[in-house]
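Participant: Pasting a structure below so you can have a look.
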Amino acid sequence: MNLKSGIKYGTAVAGIVLGLSISSAHAGIAGSMVLDITGGCFSYGAAGATGCGNTDSSKLEYATGSFTFNNTLSGISNPATYAYLASVSLHATDPNNVTAPFNDTRSKSFATLGDLQSDPLWNTAYTFVNAVLANPAGSFTATLPPLRPLTASWNYTADPDPHRHTLPAH
């Protein structure tokens with residue numbers, strides 16, 4: 001899930017979809033959680049992110065844009081009894097090289113919620129999405145293999161559409 005390594009400074013994000021769906025052996029798909037970033041800009045840099053309107057050189061990563069979040073998993077009783085499919089898909093373009101868009105898709109199946117939560121990368125993604133949607137302003141810290149600390153912070157406002165949110169330009 002190391003999608004950042006293929007993205008350059010000031011990348012225009014056409015779309016990122018982080019999804020989690022669950023299914024029962026007997027009932028097909030029982031619910032899903034989908035974070036869909038439909039537009040925006042992402043930049044990063046070791047000496048501070050440049051691009052996307054960032055003026056704070058202490059920010060190594062910076063993003064602006066809008067996202068929608070749909071979650072039908074919250075009403076599922078006994079989530080431990082289901083199988084899970086986690087997926088992430090990224091479509092982005094470097095404004096300095098629009099003829100070479102960056103596209104990456106990853107997915108992994110898990111027999112149980114416990115299996116998903118024991119996978120460091122996918123559990124981090126799952127926990128991060130839940131943290132962002134639980135609070136419109138906050139931060140999240142995790143350690144990713146091989147023991148790289150990751151801290152993300154956010155601040156968003158809800159649009160009149162209850163599923164659409166905006167990360168403001170700072």
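The values are calculated or read from the model by the stated rules, or taken from the named source; none is laboratory data. All values derive from a computational prediction rather than experimental measurement. A quick note on method: Cβ atoms are made from the backbone with ideal geometry, for glycine too, and the neighbour counts reach across all protein chains shown. These accessible areas exclude ligands, DNA and RNA; they are computed on the full protein's heavy atoms, side chains included. Shrake-Rupley method; radii C 1.70, N 1.55, O 1.52, S 1.80 Å.
Participant: Which residues, counting only those in the stretch 42-65, are more than 22 Å from GLY19 (Cβ to Cβ), assigned to a strand (DSSP E or B) and open to solvent by less than 50 Å² (accessible area, probe 1.4 Å)?
Facilitator: SER43, TYR62, THR64
Participant: Moving on. When the residues of the stretch 82-96 are filtered to those that are open to solvent by 70 Å² or more (accessible area, probe 1.4 Å) and in a strand (DSSP E or B), which remaining residue is modelled with the highest pLDDT?
Facilitator: Residue satisfying both the conditions and the ranking: LEU85.
Participant: Can you tell me which residue within the stretch 113-163, out of those that are more than 18 Å from TYR44 (Cβ to Cβ), open to solvent by less than 60 Å² (accessible area, probe 1.4 Å) and outside any helix (DSSP H, G or I), is modelled with the lowest pLDDT?
Facilitator: Filtering first and then ranking leaves ASP159.
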